[in-house]
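Notes follow the structure.
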Amino acid sequence: MNSPRKVMVNRYFDGFRNSDHAAVLSCLHEDICWKIHGYTEIHGKNEFDAEIESPAFAGSPSLDIEHLVEEGDMLVALGSGLGTLASGALFAFRFCTAFQFRDEWIAEVQSFVVPVAP
């Protein structure tokens, strides 16, 4: 069964798959915090918007969600992805992304990304 939070997270990932900034931003609380562990920490919708299409990448990534696990105001997504670096090289990865909700909006995103062989 898809809860409202699972629907929201799927909309969030669809936004990234389509480089649809408005779709991604519509899921976020005004004071969003995005922690990309080992890389950066982003605060607010303006900074988040700038990172949706990182200059390190070309085009939109493919993202496959394998599991969505929800408990209380947290939802965790496990999956894999494939992107193209600005150099043209492929970047395959596994991810675990934890979403903290406040009311109906995503208030914090914690992303753990591990490169794997394409």
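Note on residue 29 and residue 66: their simple-model spin labels are 3.0 nm apart, each label 7 Å out from Cα toward Cβ. For the chain, the longest principal axis of the Cα atoms and the long axis of helix 4-17 meet at an angle of about 20 degrees.
3J(HN,Hα) along the stretch 34-46, derived from phi through the Karplus expression 6.51 cos²θ - 1.76 cosθ + 1.60 where θ = phi - 60°, amounts to 10, 9, 9, 4, x, 10, 6, 10, 10, 10, x, 5, 5 Hz, with x in place of Gly and Pro. Under a 5 Å amide H cut-off, with hydrogens placed 1.01 Å from N, residue 58 pairs with 84, 85, 86 among residues at least 5 apart or on other chains. For the pair residue 51 and residue 74, a Förster radius of 25 Å applied to the C-beta separation gives a FRET efficiency near 0.70, rounded to the nearest 0.05. Pairs of Cα atoms nearer than 8 Å and 6+ residues apart set the relative contact order; for the chain it is 23 percent. Under a model in which nothing but the beta-carbon of Lys, Arg (+1) and Asp, Glu (-1) is charged, the chain shows a dipole of about 340 debye around its Cα centre. The charge dipole of the stretch 1-55, taken about the Cα centre with unit charges on the Cβ atoms of Lys, Arg (+1) and Asp, Glu (-1), comes to about 360 debye, rounded to the nearest 20. Annotation note: chymotrypsin sites (Phe, Trp or Tyr not before Pro) in the stretch 4-93 located in DSSP loop regions with a Cβ neighbour count of at most 16 within 10 Å are 39.
Here the gap between residue 84 and residue 39, fully extended at 0.36 nm per residue and compared with their Cα-Cα distance, gives a gain of 14.4 nm.
Rule-based calculations on the coordinates, nothing more; no lab input. No experiment lies behind these values; they were computed from the predicted model shown. Cβ coordinates were reconstructed from backbone atoms using ideal geometry, including for glycine residues, and neighbour counts include every protein chain displayed.
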